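First the structure, which I've put down as structure tokens, then a few questions once you've had a look.
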Amino acid sequence: MRKVAVIMGSDSDLPVMQKAFDVFNEYGVTYEAHIYSAHRTPEIAREFALNAREKGFGAIIAGAGKAAHLAGALAANTTLPVIGVPIKSNTLDGLDALLSTVQMPSGIPVATVAIDGASNAALLAVQILSVEDEKLADMLKMAREKAALSVLEKDKLLFTEKK
Ligand code: RP5
């Protein structure tokens, strides 16, 4: 199975990106995490993206806040799928990072999830790997079924309370 790279722009992004690690641990997906910045370590980020496919990665998650160019900078140097996580900061509530991450020029896509959406980013990476991995596909299906049952349980309770 290919592994996933989780790159974040700063150690201050770690509490949000931890949610991605939790998902990978749940699904048994191997991941490698790094703090590389599009602005503070641009050459290292570039080198990582250039070599990621041959190093066995199947997808890259990039979490960054403020002028969040990390996902785009990585995507510029790889044809692997790049998933961007805009991180909320204390000035513009993450809208700055959301727009910086999502508004990519045509030809260089970044699949952008919600502000602080590290968990969905990891699930999307698992879904990408599941194209070639039936065990992951089965696990994803089971998780969806479990989520649906949980909603229906809540619906039942709501009905009871209304009566
Ligand atoms: C971005 O700037 C990082 O991804 C982080 O979200 C934000 C602030 O970084 P620090 O100043 O906390 O290191 O590049």
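Of (1) near the ligand (Cβ under 10 Å from one of its atoms); (2) in contact with a strand residue (DSSP E or B) (Cβ under 6 Å, 6 or more places away or on another chain); (3) assigned to a strand (DSSP E or B), Val16 satisfies all except one. Which?
(3)
Just checking, how many residues over segment 30-43 are away from the ligand (no atom under 11 Å from the Cβ) and either within 11 Å of Ala73 (Cα to Cα) or in contact with a Gly (Cβ under 7 Å, 6 or more places away or on another chain) (or both)?
2
Same structure again: Looking at Phe24, Phe57 in this structure, which one is within 12 Å of the chain's Cα centre (by Cα), buried (at least 18 other Cβ atoms within 10 Å of the Cβ) and either within 11 Å of the ligand (Cβ to nearest atom) or at negative phi (or both)?
Phe24
Exactly one condition in (1) under 14 Å from the mean Cα position of the chain (by Cα); (2) closer than 24 Å to Lys3 by Cα; (3) of a type in the set (A, V, I, L, M, F, W, C) is false for Met139; which is it?
Single failed check for Met139: (1).
Given the criteria within 14 Å of the ligand (Cβ to nearest atom) and modelled with pLDDT of 95 or more, does Ala5 qualify?
Answer is no for this residue.
Among the candidates Leu99, Leu136, single out the residue that is within 15 Å of the ligand (Cβ to nearest atom) and either among the aromatic types (Phe, Trp, Tyr) or more than 19 Å from Ala33 (Cβ to Cβ) (or both).
The unique qualifying residue is Leu99.
Turning to a different aspect of this structure: State yes or no: is Ile83 closer than 18 Å to Met8 by Cα, of a type in the set (Val, Ile, Thr) and open to solvent by 40 Å² or more (accessible area, probe 1.4 Å)?
Against the criterion (closer than 18 Å to Met8 by Cα, of a type in the set (Val, Ile, Thr) and open to solvent by 40 Å² or more (accessible area, probe 1.4 Å)), Ile83 does not qualify.
Kindly indicate which of Glu54, Glu32, Glu26, Glu43 is of a type in the set (Asp, Glu) and in contact (Cβ under 8 Å) with a residue 24 or more places away in the chain.
Glu32
Can you name every one of the helices (runs of 4 or more DSSP H) wholly within segment 70-163 that holds 1 or more residues which are within 24 Å of Leu50 (Cα to Cα) and free of Cβ contacts under 8 Å to residues at least 60 places away in the same chain?
70-75, 95-102, 118-130
The values are calculated or read from the model by the stated rules, or taken from the named source; none is laboratory data. In this text, all values refer to a predicted model and were calculated from it rather than measured experimentally. Every residue, glycine among them, receives a Cβ derived from its backbone with ideal geometry; neighbour counts consider all protein chains shown. Heavy atoms of the whole protein, side chains included, go into the accessibility calculation; ligands, DNA and RNA do not. Shrake-Rupley method; radii C 1.70, N 1.55, O 1.52, S 1.80 Å.
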